[in-house]
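Scroll down for the structure; my scribbles are underneath it.
The values are calculated or read from the model by the stated rules, or taken from the named source; none is laboratory data. These numbers were taken from a predicted model, which means no experiment stands behind them. Glycine gets a Cβ as well: all are built from the backbone with ideal geometry, and neighbour counts include every protein chain shown. Each accessible area value is taken on the protein alone, full model and side chains, heavy atoms only, with ligands, DNA and RNA left out. Shrake-Rupley method; radii C 1.70, N 1.55, O 1.52, S 1.80 Å.
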Amino acid sequence: MKQEEANELAKENLSVLHESLKLGQSDRLRAYLRAISYFKDYSFRNTIMIVSQRPTATAVAGFHTWRKLGRFVSKGQTGIRIFAPIIKKQESGDADQNSVKGFRLAHVFDIEQTEGDSMPKLAEPQTGTAEYRDKLLAVIEDHGIEVQFDASDLREGVFGVSAGKVIKIRPGMDSMTEFHTIVHEFAHELLHREECKAPENKKRIETEAESIAFSVSHACGVQCLDHVCDYIGTFGGCANTFEASMARIFETSAYIIGKLKD
């Protein structure tokens, strides 16, 4: 497949998601944010492609990979198209020196499209956040950021605030809300510390942080209020602006999830 064709296919899938969000179809946004938690090892564009073709996907793999896992693609199932790298091997035989010379169209299948041996169940939303809370606080500390459980400087109704190298969290919240809030404020620290927080930027900034909090929380099996969908209007405008924001959400979510799942 030529690079131009690959770019056009990716753009087509992105546009489907973009138009759905402009129309207020928040189920597709939820599907995308859930997908980040499931497919953190996939690229941004491949995640978009998976969601566009199968919004309910939770675990995907190629035909031969499923066979190695003792499962087989059910008859009549249509594969999910993604981009797979074409690797150029070095004559030295050193795998670390191999390079990507292009991409080809490949097909993967969701676990619901297969049958065979049982697979471990994916984490379901739950209230036990202690394990991931401790990891999250450790990751934040590694970034030189202090987390203070102090509401003295917080306005009524505000759960947390990012103040540049300091995150303040209202004490006494339930564990799920607290976890979600900490991730939200950590996202601000990672993405927005140096940004101008002018009113015209507020919706985008808050949407990015809230979307990241949703995805990370879901990946850790933490049930949270997905009011991120209240920000659907943020994704109006041109597709390029939308894509840039979703790429930041994807990359930051995948980074935090990777740290918590190590």
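Quick one: how many Å² of ASP142 are accessible to a 1.4 Å probe, rounded to 10?
130
Between their Cα atoms, which of LYS40/LYS259; LYS89/LYS259; LYS135/LYS165 are more than 23 Å away from each other?
Working: LYS40/LYS259 11 Å; LYS89/LYS259 30 Å; LYS135/LYS165 18 Å.
Checking Cα-Cα distances, LYS89/LYS259 exceed 23 Å.
So, counting K/R as plus one and D/E as minus one, what does the shell of residues with Cβ under 9 Å around VAL60 add up to? Write down the numbers at each step before the final one.
Details: positive: ARG54; negative: ASP110.
The answer is 0.
Sorted by mean Cβ packing within 10 Å, highest first, what order do the peptides 155-162, 212-219, 177-184 take? Present the calculation step by step, with values, prior to reporting the outcome.
On the way: 155-162: 13.9, 212-219: 27.5, 177-184: 23.4.
Highest to lowest by the protection proxy: 212-219, 177-184, 155-162.
Below 12 angstrom from the Cβ of TYR38, what's the summed charge of the other residues (Lys, Arg +1; Asp, Glu -1)?
Values: positive: ARG34, LYS40, ARG54, LYS261; negative: ASP41, ASP110.
Net local charge, TYR38 excluded: +2.
From the phi of every residue in the range 208-215, what ³J(HN,Hα) in whole Hz does the Karplus formula 6.51 cos²θ - 1.76 cosθ + 1.60 yield, where θ is phi - 60° and glycine or proline is x?
Once θ is set to phi - 60°, the couplings for the range 208-215 become 4, 5, 5, 5, 5, 4, 4, 5 Hz.
By accessible area of protein heavy atoms, probe 1.4 Å, what ranking do LYS165, LYS75 get, highest first?
On the way: LYS165 95, LYS75 200 Å².
Order by accessible area, largest first: LYS75, LYS165.
If I ignore ligands, DNA and RNA and count only protein heavy atoms, how much of LEU154 is accessible to a 1.4 Å probe, in Å² to the nearest 10?
20
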